[in-house]
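Worksheet: one structure, shown below.
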Amino acid sequence: MRKVSALFLMLLATVGATAQKSATYQNPVIDTSLPDPTIIRADDNLFYLYATENIPNVPIYRSPDLVHWEMTGTAFTDSTRPTFVPNGRIWAPDINKIKGKYVLYYSMSTWGGEWTCGIGVATASHPEGPFTDQGMLFRSNEMDVQNCIDPFYIEDNGKKYLFFGSFHGIYGVELENNGLAVKKDARRIRIAGTAYEGTYIHKKGEYYYLFASIGRCCEGAKSTYTTVVGRSRNLLGPYFNKKGDSMLDNQHEILIQGNEKFVGTGHNSEIVTDKNGNDWMFYHAVKVAEPEGRVLMMDRVDWENGWPVVKSNSPSLESPVPAF
């Protein structure tokens, strides 16, 4: 009897392992409009994802495995949301953990308000909030850079930087040690040209990889948004494509572009590495068949000859799940 039980348990284990190995997910991962995603693995070992507020006040989703998600609430409420741009909306958040706090950088703008828009910051003790707005970091007219949106935070060699910009150059500026203010007398540094927005920088090996988006983000089935990349040996650039042409001159490599099912593929999140060492990236796209909103997509990022690649350079329809 014990031998039968042992064999039964071994069979269950084998079936379970086979099922996990063969499990797949389908794009979109969340069939809800969640543009400009940002993600963090929190202290509770769960993943939290934030997005531009098509859902008012910045939606927050939670997942144990990058595939199964539940909405847990919003970063702000109607009474706590930032207000430094009258009638402004919150775009392109960027979530981080700095000195024990969850720090959410965000853009605030109105459509076409490219000199009055700006970037602010909010903090929380827990990834699901509540977030307390710490106010505006800077506005476009103060930084003398048109369209200061799409913040991205990174630490490098003991310094903290915020990168930003949308189709008027990509810039970086050093922050104070707490990440809540621009460092006194810091100068902005331009690292890429006028073709780009949606900055994300990833360090791998000896290179920094600058991911960005080109094209039109928000025209439904006519959207041309495309995810591109260049690389540099230095965080502040210059960044180049495979031929050695500079992103300052709007030269890059294409990472993800549209296909017959999805278009407008852009504004990627941070890269997440699973327990098998595979890298995963979220981004948004427009469904050709139902072109309302920008749904959440996920694809695996492989590395070939020192460059990131996504299979077929376009969204997958069905793929093996990440290993968590």
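What the table below lists for this structure:
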| read-out | value |
| --- | --- |
| Gyration tensor over alpha-carbon atoms, region 232-301, equivalent ellipsoid semi-axes in Å | 26, 18, 10 |
| Convex hull (Cα only) mean projected area of region 115-197, reported in nm² to one decimal | 5.9 |
| Rounded to whole Hz, the Karplus (6.51, -1.76, 1.60) HN-Hα couplings of region 73-85, x for glycine and proline | x, 10, 5, 10, 10, 4, 8, 9, 5, x, 9, 6, 10 |
| Listed residues M143, I119, A23: farthest to the positive end of the dipole of the chain (Cβ charges) | A23 |
| Region 220-324, dipole about Cα centre (Lys/Arg Cβ +1, Asp/Glu Cβ -1), debye to the nearest 20 | 140 |
| Three principal axis lengths of the chain [C-alpha, angstrom, descending] | 78, 48, 44 |
| Percent accessible area from carbon and sulfur atoms, region 74-171, protein chains only, probe 1.4 Å | 47 |
| Cα-based helix-to-principal-axis angle, 2-22 vs the chain, degrees rounded to 10 | 30 |
| Carbon/sulfur fraction of accessible area - region 174-266, other protein chains in place, 1.4 Å, % | 44 |
| Positive-pole candidate from V182, G165, L236, dipole of region 146-236, charges at beta carbon | L236 |
| Gain on full stretching of the segment that runs from C218 to R41 - 0.36 nm per residue minus C-alpha separation | 60.9 nm |
| Point-charge dipole on Cβ atoms (K/R +1, D/E -1) for the chain, about Cα centre, debye to 20 | 720 |
| For region 62-119: span of alpha carbons on each principal axis (Å, largest first) | 40, 27, 22 |
| Sum of -39500 (n - 2.57) over DSSP H runs of 4+, divided by residues of the chain (222 nm, nearest 500) | -2500 deg cm²/dmol |
| Within region 141-185, backbone nitrogen closer than 14 Å to the virtual label 7 Å beyond the Cα of K99 toward Cβ | 159-161, 175-184 |
| Hull-based mean projected area of region 182-256, where the convex hull spans the alpha carbons, in square nanometres | 6.2 |
| Accessible surface, the chain, averaged per residue in Å² (probe 1.4 Å) | 46 |
| Top positive-direction residue, dipole computed over region 39-150 with Cβ charges, set I98, S109, P56 | I98 |
| Scattering curve values for region 193-324, log₁₀ I(q)/I(0), Debye with Cα scatterers, q = 0.13 Å⁻¹ | -0.52 |
| Computed lengthening from R187 to S79, 0.36 nm per intervening residue step minus Cα-Cα distance | 35.4 nm |
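The values are calculated or read from the model by the stated rules, or taken from the named source; none is laboratory data. What you see is a predicted model; the values in this text were computed from it and never measured. Neighbour counts run over all protein chains shown; Cβ positions are idealised from the backbone, glycine included. We work out accessible area using only protein heavy atoms, side chains counted, and drop any ligands, DNA or RNA first. Shrake-Rupley method; radii C 1.70, N 1.55, O 1.52, S 1.80 Å.
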